[in-house]
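The values are calculated or read from the model by the stated rules, or taken from the named source; none is laboratory data. Because the structure is predicted, anything quoted here is derived from the model rather than measured. Cβ: placed from backbone, ideal geometry, glycine included. Neighbour counts: every protein chain shown. Accessible surface areas use protein heavy atoms only, side chains included; no ligands, DNA or RNA. Shrake-Rupley method; radii C 1.70, N 1.55, O 1.52, S 1.80 Å.
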Amino acid sequence: MKDPHRQGRPSPVPRVLAIAGSDSGGGAGLQADLKTFQELETYGTCVVTALTAQNSLGVQRVSAVPATLVADQLESVLADIGTDAAKTGMLPTADIVAAVASAIRRHGVDRLVVDPVRTATAGTALVNDEAFGALRDILLPLAALVTPNVPEACALLGVREDEVRTLDERESAARALLGLGPRAVLLKGGHAAGDECVDVLVGADGGTRFFAAPRLPTRHTHGTGCTLAAAAAACLARGHSAAEACGTAKAFVAAAIARAVPLGRGAGPLWHAAWREPGIRGSAPRT
Ligand SMILES: Nc1ncnc2c1ncn2[C@@H]1O[C@H](COP(=O)(O)OP(=O)(O)OP(=O)(O)O)[C@@H](O)[C@H]1O
Ligand SMILES: Cc1ncc(CO)c(N)n1
């Protein structure tokens, strides 16, 4: 991106911008993003798009931030601090999507990860249909990487979920999503069946890559999608390729799920600091 105040000098630390909703429970949304940025030794900034009253049991209330205030936050961050990569999460209205797309274009942010958030894990809508359509039409063409789960991929493509079950079908769906304009697609496998969670990456270098990890037997997976996209954005900010970024992001999420914390009466949050523990990757979940 253009960096008016650094006069060609590199930033002293990699900078990553989260454009996301707030989760009062601290497990998803921009709280998950900022924890992830910190663990991956990047400097996080955040533009708040929505407030949610939310906990481990679900989402109790949602209120969108006015689009003009989202635009002002974007300008405050990008015109001064700048960023090496950005990540979008909950974009609740079409006006907000338009404000984000406009700022991303104007400031030349080319390492953009779009997590096409639609509903919370418990099923509550976080984004209206018009906003989701705007994300598909005007934000995806700006994305270096888009990270849908299977239901989000189906909604973007207008196909039924029972048409995207097998690994072959998921690879085809990921390729079809490239037609919407992103430079790479990571179709996540958290919602698919099987003992392994397999994520499919297409587009980064023309080929297909599969990122597999054992499916950890835990219900404490609140914020997995946000954390994965945030980790990928942090890696892009550090200058990694999309494929490298997805590999690290997958390992980061698996480690954080393995140490997820049973807080609250429902789906507890990940433990982002797991990344610091020696030998944590690939270990069993906390009981
Ligand atoms: N039980 C699990 N064990 C190991 N990895 C998992 C598990 N659940 C999800 N993952 C991984 O976590 C990442 C997020 O995937 P998922 O499909 O759950 O995203 P999501 O549905 O967008 O998340 P969220 O539920 O936060 O909206 C992926 O890399 C996925 O493979
Ligand atoms: C604020 C927010 N963003 C995204 C998600 C999706 O996990 C969530 N539950 N809450």
*State which residue is farthest from ligand 2 (Cβ to nearest atom) when the search covers only the range 129-174 and only residues that are within 18 Å of the chain's Cα centre (by Cα) and part of a loop (DSSP other than H, G, I, E, B).*
144
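Taking only the range 74-94 into account, find how many residues are under 20 Å from residue 119 (Cβ atoms) and of a type outside the set (Val, Ile, Thr).
Looking only at the range 74-94, we keep the residues that are under 20 Å from residue 119 (Cβ atoms), and these are 87-94.
Of the ones still in play, those that are also of a type outside the set (Val, Ile, Thr) are 87, 89-92, 94.
Of the residues in that region, 6 qualify.
Check 44, 26 and return the single one that is at pLDDT 95 or above, open to solvent by less than 30 Å² (accessible area, probe 1.4 Å), more than 10 Å from ligand 2 (Cβ to nearest atom) and at positive phi.
Numbers: 44 fails: at positive phi.
Result: 26 is the single residue among 44, 26 that is at pLDDT 95 or above, open to solvent by less than 30 Å² (accessible area, probe 1.4 Å), more than 10 Å from ligand 2 (Cβ to nearest atom) and at positive phi.
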*Can you find a residue in the range 197-216 that is in contact with a Leu (Cβ under 6 Å, 6 or more places away or on another chain), under 27 Å from residue 95 (Cβ atoms) and either near ligand 1 (Cβ under 10 Å from one of its atoms) or at pLDDT 95 or above (or both)?*
no
*asked:* Tally up the residues in the range 80-106 that are part of a helix (DSSP H, G or I) and touching a His at 6+ places or on another chain (Cβ under 9 Å), please.
replied: 1
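Would you call residue 254 farther than 28 Å from residue 83 by Cα and among the small types (Gly, Ala, Ser)? Lay out the reasoning, then the answer.
Working: farther than 28 Å from residue 83 by Cα: no; among the small types (Gly, Ala, Ser): yes.
In short, no.
Look through 91, 51, 57 and report the one residue that is in contact (Cβ under 8 Å) with a residue 24 or more places away in the chain, open to solvent by 60 Å² or more (accessible area, probe 1.4 Å) and within 15 Å of ligand 1 (Cβ to nearest atom).
Working: 91 fails: open to solvent by 60 Å² or more (accessible area, probe 1.4 Å); 51 fails: within 15 Å of ligand 1 (Cβ to nearest atom).
Result of the check over 91, 51, 57: 57.
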*Is the range 10-22 home to any residue that is more than 18 Å from residue 128 (Cβ to Cβ), in contact (Cβ under 8 Å) with a residue 40 or more places away in the chain and open to solvent by 50 Å² or more (accessible area, probe 1.4 Å)?*
no
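Residues checked against (1) surrounded by fewer than 19 Cβ atoms within 10 Å (Cβ to Cβ); (2) out of contact with any Pro (no Cβ under 8 Å at 6 or more places or on another chain):
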| site | (1), (2) |
| --- | --- |
| 99 | no, yes |
| 123 | yes, yes |
| 126 | no, no |
| 154 | yes, yes |
| 159 | yes, yes |
| 181 | yes, no |
| 193 | yes, yes |
| 200 | no, yes |
*Filter the range 103-121 for residues that are touching a residue at least 40 places away in the same chain (Cβ under 8 Å) and small (Gly, Ala, Ser); which is most open to solvent (accessible area, probe 1.4 Å)?*
108
*Looking only at the range 60-83, count how many residues are within 16 Å of ligand 2 (Cβ to nearest atom), hydroxyl-bearing (Ser, Thr, Tyr) and touching a residue at least 40 places away in the same chain (Cβ under 8 Å).*
0
*Residues of the range 43-65 satisfying the condition of being under 25 Å from residue 231 (Cα atoms) and not aliphatic (A, V, I, L, M)*: 43, 44, 45, 46, 49, 52, 54, 55, 56, 58
